[in-house]
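Colleague: Dumping the structure here so I can ask a few things about it.
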Amino acid sequence: MVSGTNLSAGPNASPGLGHLSESSVGARNPWPAALVAVGALTLDDTTVVGVVDDIAIPVILAGALAYDLTQRTFITYTMTHNANPNLVYSGRASGFGIPEAIMDARMTSHHMIALGFGDPVIDVAAQGADAYPAIRGREQQLIDFHGGARSHGGTSANTIRGVGYYNFAGYYLWMQSNLRFGPYAPYTGSPLYAPKR
C-alpha cells in the first residue's frame with residue numbers, strides 16, 4: 001500500500017492525475033488475452049480451415065497495441081531510507097489502472113526495500129503514448145533534485161542515471177518533462193545534445 005501520495009510535487013508541477021482518463025481506473029493489461037487469442041488462432045492452423053482466420057491475428061495485436069498506447073499509466077515516485085530520511089531513491093513504473101495500484105504492484109518486488117528503503121510517494125502520473133518521454137525525463141530530474149546519481153559523483157540513492165549522460169534523446173526527454181509537469185531540476189546530460197545558447 002502506498003503510504004503517501006503527492007501528485008503535484010515540486011513548485012511548478014501540475015497535478016499528475018489531471019492527465020488520466022476516467023476509464024483508466026478499471027484498465028487492464030491487454031497483452032495476456034491478445035496472446036491467448038493469437039495462440040488459439042495459430043494452433044488451429046493444423047487444419048486447413050484454420051488458415052482462413054489468420055487475418056484476425058494482426059487485428060488482435062493492433063487492438064492490444066492501441067489499447068496499451070492509450071491506457072498505460074506511467075508514474076514517478078520516491079522512496080526514503082528508513083534510517084536516513086535525507087537519502088532518497090527516485091524511480092518510475094508503468095501499468096494499467098490507478099497510480100496507487102501501479103505503485104503497489106511495483107513495491108511487491110522492489111530491490112530497494114531490501115536495502116532499507118520504504119515510504120513510497122507518487123510524484124506524478126500521466127497516461128498515453130506521449131507520457132513516456134515526459135516520465136523518463138521526470139525520473140532523471142528527480143534523481144538530480146535529490147543529489148544526482150552516484151555513478152556521476154551524486155549523493156542520491158540512485159546508483160545510475162535514469163537517462164544516460166550520453167543519451168542523444170536526453171535533452172528531448174528533459175524538455176518533455178518540463179512541458180508536461182513543469183521544470184524540477186536543470187538539464188544534466190551531455191551538452192553535445194542540448195541546443196547552443
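Colleague: Give segment 127-173 a look and list any residue that's surrounded by fewer than 24 Cβ atoms within 10 Å (Cβ to Cβ) and among the basic types (K, R), or say none.
Modeller: R136, R150, R161
Colleague: On to the next question. Could you check segment 87-197 for helices (runs of 4 or more DSSP H) lying wholly inside it with 3 or more residues that are more than 16 Å from T73 (Cβ to Cβ)?
Modeller: Counting at least 3 such residues, we get 131-145, 170-181.
Colleague: Here is a further query. Pairs please, first residue from segment 174-196 and assigned by TED's automatic domain parsing to the domain that holds T76 and without any contact (Cβ under 8 Å) to a residue 60 or more places away in the chain, second anywhere and of a type in the set (A, V, I, L, M) and buried (at least 17 other Cβ atoms within 10 Å of the Cβ), Cβ atoms under 8 Å, 6+ apart in sequence or on different chains.
Modeller: W174/V163; Q176/A134; S177/A134; S177/I135; L179/A134; A185/L142; G189/V163
Colleague: State whether the residues of segment 128-137 include one that is modelled with pLDDT under 95 and either small (G, A, S) or in contact with a Phe, Trp or Tyr (Cβ under 7 Å, 6 or more places away or on another chain) (or both).
Modeller: Yes, segment 128-137 has at least one match.
The values are calculated or read from the model by the stated rules, or taken from the named source; none is laboratory data. Computed from a predicted structure; not experimentally measured. Positions of Cβ are backbone-derived with ideal geometry, glycine not excepted, and every protein chain shown enters the neighbour counts.
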